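Undergrad: The structure is given below, and queries will be raised subsequently.
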Amino acid sequence: MYKKYLFMFLVVGLSMLSAVAKPVSISTPYYTDLTNEQLTGPYQIILREAARRSGLRYAESFYPEKRALRLFMIGMYDCTYGYSDEMKRRFGEDNILLSFPFGLIKEYMFTKKGTQALTSIEQLRGKSVGATLGTERWHKHLTDLGIQVRYVVKDINSIRMLEDGRIDVFLGFLPDLTKYIDRLSYSPQHPIVVA
């Protein structure tokens, strides 16, 4: 995986293995419509049920995506959602535990509703491109091609920028954006990231 969403994995630090007495700490990133501050997102409901069935005690803290991942990576939390491929590269496959995947994610090039859907990365050249903070690592291949990406805090901000004509293309993930899909054009056959 890696972002968000992809194969959504719960990444577990090895320190969790010795944390029998205290609850496992989870740094929860904001993933549009999949996690939320009220802890009622679909991924959080799945985790709650799995923890109930296994008798696992945990404490979840909610943050913007980039911060949640950074706090996990510096060791302030035992677990986080997502980014399993990156965590395996960073810490080594033998140094983390992964849950069964919560789902599959795909990143698409979204354009304003009613406009032509893009089908290749080459079509991003010369366009104003937006994305959400925390997804930068997914776009290295684009920046290597000289494509500039403008980042904002939440997906909805990029969607509004797209609708207002302040950007031409929004790079976003499904299933995260499912509730906004009627406001966007995209080619389902042409994701730029699958994980």
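The values are calculated or read from the model by the stated rules, or taken from the named source; none is laboratory data. No experiment lies behind these values; they were computed from the predicted model shown. Every residue, glycine among them, receives a Cβ derived from its backbone with ideal geometry; neighbour counts consider all protein chains shown. The protein model used for the area step is the full one, side chains on, heavy atoms only, and it has no ligands, DNA or RNA in it. Shrake-Rupley method; radii C 1.70, N 1.55, O 1.52, S 1.80 Å.
Undergrad: Going by what's in this entry, would residue 104 be described as open to solvent by 70 Å² or more (accessible area, probe 1.4 Å), in contact with a Phe, Trp or Tyr (Cβ under 9 Å, 6 or more places away or on another chain) and closer than 22 Å to residue 30 by Cβ?
TA: The answer is yes for residue 104.
Undergrad: So, one more: For region 23-43, what are the residues that are among the β-branched types (Val, Ile, Thr) and at pLDDT 90 or above?
TA: Of everything in region 23-43, those that are among the β-branched types (Val, Ile, Thr) and at pLDDT 90 or above turn out to be 24, 26, 28, 35, 40.
Undergrad: Among 181, 159, which is the only one that is out of contact with any Asp or Glu (no Cβ under 9 Å at 6 or more places or on another chain), over 23 Å from residue 69 (Cβ atoms) and not charged (D, E, K, R)?
TA: None of the others qualify; the one that does is 181.
Undergrad: Report the residue count in region 64-96 for those that are surrounded by 20 or more Cβ atoms within 10 Å (Cβ to Cβ) and either in contact with a helix residue (DSSP H, G or I) (Cβ under 9 Å, 6 or more places away or on another chain) or of a type in the set (D, E, K, R) (or both).
TA: The number of residues fulfilling the criteria is 11.
Undergrad: Now for a different question. Residue 46 passes all but one of (1) at pLDDT below 80; (2) of a type in the set (A, V, I, L, M); (3) under 24 Å from residue 178 (Cα atoms); (4) open to solvent by 20 Å² or more (accessible area, probe 1.4 Å); which number fails?
TA: So the condition that residue 46 fails would be (1).
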